[in-house]
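Enquirer: One structure, as structure tokens, below. Some questions next.
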Number of protein chains: 2
Amino acid sequence: MLRLNSRDSGFEQAFKRLVADRRESETSVARDVSVILADVRNRGDQAVAELTSRFDAHDLGNDWTISAEVCREAFDELKPDLRAALELAAKRIRAFHEAQRPADRDDTDKHGVRMGARWLPVDAAGLYVPGGRAAYPSSMLMNAIPAKVAGVERLVVVTPTPKGQVNPLVLAAAHLAGVDEVWRIGGAQAIAALAYGTDRIDPVDVIVGPGNAWVAEAKRQLFGVVGIDMVAGPSEILLIADGKNDPEWTAADLLSQAEHDPAAQSILITDDPLFADTVADRIGVELAMLPTARVAAESWNTHGTIIEVASLDEAPALANALAAEHVQIATDDPEALFRQIRHAGSVFLGRMTPEAVGDYVAGPNHVLPTGRRARFSSGLSVLDFMKRTSFIQLDEAALKAIGPAAIELADAEGLTAHARSIEVRLGI
Amino acid sequence: MLRLNSRDSGFEQAFKRLVADRRESETSVARDVSVILADVRNRGDQAVAELTSRFDAHDLGNDWTISAEVCREAFDELKPDLRAALELAAKRIRAFHEAQRPADRDDTDKHGVRMGARWLPVDAAGLYVPGGRAAYPSSMLMNAIPAKVAGVERLVVVTPTPKGQVNPLVLAAAHLAGVDEVWRIGGAQAIAALAYGTDRIDPVDVIVGPGNAWVAEAKRQLFGVVGIDMVAGPSEILLIADGKNDPEWTAADLLSQAEHDPAAQSILITDDPLFADTVADRIGVELAMLPTARVAAESWNTHGTIIEVASLDEAPALANALAAEHVQIATDDPEALFRQIRHAGSVFLGRMTPEAVGDYVAGPNHVLPTGRRARFSSGLSVLDFMKRTSFIQLDEAALKAIGPAAIELADAEGLTAHARSIEVRLGI
């Protein structure tokens with residue numbers, strides 16, 4: 001754990017290093033991924049089957065998909081409390097995302113120029129669901145529901161089933177979210193199959209969802225062939241807390257992020273040195289109780305940071321530089337600090353809003369920009385599954401009003417045919 | 001030029017080939033670009049200066065920027081008609097994009113869960129402006145104005161000035177659009193400088209704008225380090241026209257796209273074989289009048305296509321498969337066909353709406369998805385320069401209402417610390 005104090009002379013340098021620390025895996029998989037993409041593009045299903053056999057130790061045979069019936073059964077077999085919790089989550093996520101649907105535009109100006117924009121969903125979306133540690137039913141809901149709310153007709157899940165093993169919880173969530181196809185494939189080969197299509201698998205238009213370095217690199221390389229969501233990195237939280245918080249709550253909040261991944265990062269900014277000490281101590285106590293202690297301790301020891309400031313007024317500037325995925329503000333008047341925060345994936349306001357409640361049931365999406373990408377990108381939304389077509393309609397009077405200016409500009413740019421397409425209509 | 005007829009037996013195959021023809025340059029520049037990016041990242045300004053000297057035959061010396069004064073002078077020296085046309089374009093583009101600004105959300109549900117989203121501009125945006133054939137003042141307006149409407153405080157233009165030559169029209173447009181900095185650099189090295197920052201150049205958050213294969217590849221490789229707009233390919237138009245159109249107008253429309261680039265593509269779909277013949281003939285007449293005939297003829301001969309259909313009712317399905325950047329519908333009731341078009345960058349409705357009027361002065365953006373990317377992406381908008389921060393606020397009652405479901409899900413996912421951060425607050 002790193003301990004900083006904004007009054008120390010070396011603070012600026014140390015904070016700069018903290019901001020620059022990207023925690024990305026440096027594994028260079030670009031070459032291997034491009035070989036896999038080309039292989040799947042050329043040999044289709046054959047390549048997918050061979051790679052699945054090699055990487056997942058699973059022989060696809062003629063059993064490439066998991067049926068809707070199997071997903072429904074997984075849902076039916078959930079114990080009642082868990083099923084109710086999933087249903088509540090789905091309902092709240094759906095409600096929040098339904099209000100995200102963008103409005104169409106259709107206006108006519110004083111010259112008679114009609115201009116507008118029409119939003120439509122993509123035809124098909126692919127959702128990558130990891131097979132291992134990060135296979136969460138909550139992620140299935142958070143990725144699939146916005147696609148369905150957007151109106152996507154064909155929502156395709158790909159998920160590796162190493163040695164044939166499936167995750168019933170994830171299948172139950174797929175049923176609840178209305179997923180249309182589930183394919184037992186993963187890795188870069190699954191992304192390639194979704195992007196290019198194969199004999200068995202029709203291509204999709206957009207691919208979203210978390211994955212390992214190979215999956216992320218495959219998505220990056222295929223950006224432009226299909227639409228993709230943001231490049232995702234390890235999770236992070238920034239807690240801004242005064243000394244009036246319960247150190248036990250704060251320690252639990254910091255560890256809830258740390259338990260995700262050894263590369264996850266939890267940062268506490270506080271103006272109370274004694275509170276900082278108590279939280280640091282309390283982390284040890286909490287860790288002793290956690291089944292996830294190994295991962296959480298590695299994350300906290302390697303990336304955990306406590307920053308002591310003279311006043312919490314310093315916090316927004318630090319938060320904006322860090323542009324964290326999650327920012328929790330545990331003060332009496334969180335709004336005062338929130339107003340000054342420009343860059344954050346999602347903000348959790350007040351002492352009774354632990355980040356974890358947003359991971360599951362609040363409603364807003366938990367797929368959020370990491371690694372300082374909140375400077376320029378947003379959490380997943382229905383917009384990731386929709387696109388906008390603009391339109392223009394002129395009558396003769398309208399073209400007479402604004403056409404001559406277009407001719408002037410086209411001529412200045414040396415684009416004579418552009419000018420001429422207007423001139424012939426105006427009889428010039 | 002390719003001539004197809006939907007009644008021919010080989011039509012389906014031939015149309016599939018047309019859809020699959022991406023017209024992208026196959027130049028593999030990925031390796032060279034990654035070397036340049038690493039060089040600029042490591043050596044900063046020194047690398048930028050050397051690469052500019054090598055590729056642009058221009059010695060930057062201490063003269064890296066073009067001042068605001070020089071841009072203002074270029075604007076003041078425009079002849080009055082051209083200045084008025086630029087001003088009209090800027091005014092209309094600004095008005096259309098101002099209505100794109102997204103609304104914030106802030107709602108509280110029956111449980112007392114407050115949820116919302118706040119949109120903010122990125123701090124800084126970079127705009128690539130090519131130095132050669134594609135350096136258009138209209139593109140400067142179309143890229144820069146949405147950034148300024150979004151509220152971007154620092155808008156940075158990079159543009160190569162081969163042998164020191166600048167384009168006064170582009171500088172005039174930069175002045176009009178309110179660009180904050182203009183750097184005389186181009187190529188992958190300029191993109192790297194914007195993304196990583198150097199001693200002279202502060203980094204930006206988002207990079208937009210057209211460029212050659214090197215620029216496009218640099219943007220693709222830096223996607224995630226910064227936000228970028230869509231990968232751009234050669235321009236294209238799809239014209240849907242009945243036999244009642246003036247063949248001269250239609251020929252002019254097809255050539256207005258063709259003159260952009262030998263790789264541009266113009267496609268006509270018509271239900272009138274005689275009209276198709278007349279347009280094909282008329283193209284030759286028009287070409288003889290065009291100063292841009294060399295490029296336009298190469299594009300038309302190589303990629304131009306006329307598709308004859310039995311009825312225009314077939315057109316929307318073909319248009320959706322092509323997902324063209326521009327779709328022009330020249331019929332009496334364009335709305336009837338438009339309703340069935342799902343995938344298009346921008347649609348131009350009716351006989352008096354040549355695409356060129358949208359390139360300059362209508363108002364909607366002319367930066368649009370090419371190469372079938374209208375299936376999943378949209379034209380440039382203020383949203384490309386903004387990002388959304390979601391937020392959540394619960395009080396004790398709200399946490400009591402929905403917290404237990406979150407605990408249930410966290411436990412099911414094996415994320416004990418997530419559950420615990422809620423349990424400690426509820427005294428469980």
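The values are calculated or read from the model by the stated rules, or taken from the named source; none is laboratory data. Small disclaimer: the values here were computed from a predicted structure and weren't measured. Positions of Cβ are backbone-derived with ideal geometry, glycine not excepted, and every protein chain shown enters the neighbour counts.
Enquirer: Go through region B:315-343 and count every residue that is over 23 Å from B:Glu248 (Cβ atoms) and either free of Cβ contacts under 8 Å to residues at least 60 places away in the same chain or basic (Lys, Arg) (or both).
Expert: 12
Enquirer: Residue by residue through region A:220-258, note down the ones that are closer than 16 Å to A:His366 by Cα and assigned to a loop (DSSP other than H, G, I, E, B).
Expert: A:Asp229, A:Met230, A:Val231, A:Ala232, A:Gly233, A:Pro234, A:Ser235, listed by residue number.
Enquirer: Moving to a separate point now. Checking B:Arg339 against (1) of a type in the set (Lys, Arg); (2) more than 7 Å from chain A (Cβ to nearest Cβ); (3) touching a strand residue (DSSP E or B) at 6+ places or on another chain (Cβ under 9 Å), which test does it fail?
Expert: (3)
Enquirer: For region A:284-299, how many residues meet the condition of being β-branched (Val, Ile, Thr) and more than 28 Å from the chain's Cα centre (by Cα)?
Expert: Counting residues in region A:284-299 that are β-branched (Val, Ile, Thr) and more than 28 Å from the chain's Cα centre (by Cα) gives 1.
Enquirer: Follow-up question, since we're still on this one. Looking only at region B:289-305, decide whether some residue is of a type in the set (Asp, Glu) and surrounded by fewer than 21 Cβ atoms within 10 Å (Cβ to Cβ).
Expert: Yes, because at least one residue in region B:289-305 is of a type in the set (Asp, Glu) and surrounded by fewer than 21 Cβ atoms within 10 Å (Cβ to Cβ).
Enquirer: Is it the case that region B:378-387 has a residue that's farther than 28 Å from B:Glu98 by Cβ, of a type in the set (Lys, Arg) and modelled with pLDDT of 95 or more?
Expert: So the first thing to find is which residues in region B:378-387 are farther than 28 Å from B:Glu98 by Cβ, and the list is none.
No, the conditions are met nowhere in region B:378-387.
Enquirer: In region B:227-263, which residues are among the hydrophobic types (A, V, I, L, M, F, W, C) and touching a residue at least 60 places away in the same chain (Cβ under 8 Å)?
Expert: B:Met230, B:Val231, B:Ala232, B:Ile237, B:Leu238, B:Leu239, B:Ile240, B:Ala241, B:Trp249, B:Ala252, B:Ala263
Enquirer: Which one is nearest to A:Leu399 (Cα to Cα) among residues in region A:83-124 that are of a type in the set (A, V, I, L, M), at the interface with chain B (Cβ under 8 Å from one of its Cβ atoms) and without any contact (Cβ under 8 Å) to a residue 40 or more places away in the chain?
Expert: A:Ala99
Enquirer: With respect to B:Arg133, is the statement that it is assigned to a loop (DSSP other than H, G, I, E, B), basic (Lys, Arg), at pLDDT 95 or above and under 29 Å from B:Val35 (Cα atoms) true?
Expert: Considered against the rule, which asks whether it is assigned to a loop (DSSP other than H, G, I, E, B), basic (Lys, Arg), at pLDDT 95 or above and under 29 Å from B:Val35 (Cα atoms), B:Arg133 comes out as no.
Enquirer: For B:His260, only one of the following conditions fails: (1) over 19 Å from the mean Cα position of the chain (by Cα); (2) at pLDDT below 95. What is its number?
Expert: (1)
Enquirer: Continuing with this model, one more query. Report whether or not A:Ile207 is touching a Gly at 6+ places or on another chain (Cβ under 7 Å), in contact (Cβ under 8 Å) with a residue 12 or more places away in the chain, crowded, with 24+ Cβ neighbours inside 10 Å and not in a helix (DSSP H, G or I).
Expert: Yes, satisfied.
Enquirer: Something else now. Residue pairs, Cβ under 9 Å, 6 or more apart or interchain, first in region B:346-365 and closer than 13 Å to A:Gly112 by Cβ and at the interface with chain A (Cβ under 7 Å from one of its Cβ atoms), second surrounded by fewer than 24 Cβ atoms within 10 Å (Cβ to Cβ) and polar (S, T, N, Q). List them.
Expert: B:Leu349/A:Gln393; B:Gly350/A:Gln393; B:Gly350/B:Thr331; B:Met352/A:Gln393; B:Thr353/A:Gln393
Enquirer: Looking only at region A:53-66, filter to residues that are more than 12 Å from A:Val166 (Cα to Cα) and not acidic (Asp, Glu); which one of those is surrounded by the most Cβ atoms within 10 Å (Cβ to Cβ)?
Expert: Here the answer is A:Leu60.
Enquirer: Sort out which residues of region B:190-222 are of a type in the set (S, T, N, Q) and either within 25 Å of A:Ala321 (Cα to Cα) or not assigned by TED's automatic domain parsing to the domain that holds B:Leu141 (or both), and write them in order of number. Break it down into steps so the answer makes sense when it comes.
Expert: Of region B:190-222, the ones of a type in the set (S, T, N, Q) are B:198, B:212, B:221.
Once the filter is applied, which keeps residues that are of a type in the set (S, T, N, Q) and either within 25 Å of A:Ala321 (Cα to Cα) or not assigned by TED's automatic domain parsing to the domain that holds B:Leu141 (or both), region B:190-222 yields B:Thr198, B:Gln221.
Enquirer: Inspect region B:388-398 for any residue being among the acidic types (Asp, Glu), within 7 Å of chain A (Cβ to nearest Cβ), within 27 Å of B:Asp106 (Cα to Cα) and out of contact with any strand residue (DSSP E or B) (no Cβ under 9 Å at 6 or more places or on another chain) and give the result as yes or no.
Expert: Yes; the residues of region B:388-398 include at least one that is among the acidic types (Asp, Glu), within 7 Å of chain A (Cβ to nearest Cβ), within 27 Å of B:Asp106 (Cα to Cα) and out of contact with any strand residue (DSSP E or B) (no Cβ under 9 Å at 6 or more places or on another chain).
Enquirer: Give region A:18-52 a look and list any residue that's within 16 Å of A:Arg200 (Cβ to Cβ) and surrounded by fewer than 13 Cβ atoms within 10 Å (Cβ to Cβ), or say none.
Expert: Matches in region A:18-52: A:Asn42 only.
Enquirer: With part of a helix (DSSP H, G or I), out of contact with any helix residue (DSSP H, G or I) (no Cβ under 8 Å at 6 or more places or on another chain) and within 13 Å of another protein chain (Cβ to nearest Cβ) as the only criterion, which of A:Ala216, A:Ala276, A:Ala195, A:Ala280 stands out?
Expert: Selected residue: A:Ala216, the only one of A:Ala216, A:Ala276, A:Ala195, A:Ala280 that is part of a helix (DSSP H, G or I), out of contact with any helix residue (DSSP H, G or I) (no Cβ under 8 Å at 6 or more places or on another chain) and within 13 Å of another protein chain (Cβ to nearest Cβ).
Enquirer: Could you check B:Glu286 against (1) of a type in the set (D, E, K, R); (2) part of a helix (DSSP H, G or I); (3) more than 9 Å from chain A (Cβ to nearest Cβ) and say which number it fails?
Expert: If we test B:Glu286 against (1) of a type in the set (D, E, K, R); (2) part of a helix (DSSP H, G or I); (3) more than 9 Å from chain A (Cβ to nearest Cβ), just (3) comes out false.
Enquirer: Report yes if some residue within region B:201-208 is over 23 Å from the mean Cα position of the chain (by Cα) and more than 11 Å from chain A (Cβ to nearest Cβ); otherwise report no.
Expert: Yes: region B:201-208 contains one or more residues that are over 23 Å from the mean Cα position of the chain (by Cα) and more than 11 Å from chain A (Cβ to nearest Cβ).
Enquirer: Using the structure shown, decide if A:Val152 is assigned to a strand (DSSP E or B), surrounded by 24 or more Cβ atoms within 10 Å (Cβ to Cβ) and modelled with pLDDT of 95 or more.
Expert: No; evaluated as a whole, the condition is false for this residue.
Enquirer: Assuming A:Ile145 fulfils every condition listed in (1) modelled with pLDDT of 95 or more; (2) within 12 Å of chain B (Cβ to nearest Cβ) apart from one, which condition is it?
Expert: (2)
Enquirer: Which condition does A:Pro404 not pass, out of (1) of a type outside the set (Ser, Thr, Tyr); (2) facing another protein chain (nearest Cβ under 7 Å); (3) out of contact with any Ser or Thr (no Cβ under 6 Å at 6 or more places or on another chain), if it passes all the others?
Expert: So the condition that A:Pro404 fails would be (2).
Enquirer: Further question: Which residues, counting only those in region B:303-336, are closer than 28 Å to A:Leu415 by Cα, among the polar types (S, T, N, Q) and more than 11 Å from every other protein chain (Cβ to nearest Cβ)?
Expert: B:Thr305, B:Thr331
Enquirer: Here are A:Ala398, A:Ala412: which of them is touching a residue at least 40 places away in the same chain (Cβ under 8 Å) and hydrophobic (A, V, I, L, M, F, W, C)?
Expert: Answer to the check: A:Ala398.
Enquirer: Can you list the helices (runs of 4 or more DSSP H) lying wholly within region A:314-422 that have 1 or more residues being surrounded by fewer than 21 Cβ atoms within 10 Å (Cβ to Cβ)?
Expert: Result: A:315-322, A:334-338, A:396-412.
Enquirer: For residues that are among the polar types (S, T, N, Q) and under 23 Å from the mean Cα position of the chain (by Cα), tally how many sit in region A:162-182. Walk me through it before giving the result.
Expert: If we filter region A:162-182 for residues that are among the polar types (S, T, N, Q), which is where we start, we get A:165, A:167.
Remaining after also requiring under 23 Å from the mean Cα position of the chain (by Cα): A:167.
Residues that pass the stated criteria total 1.
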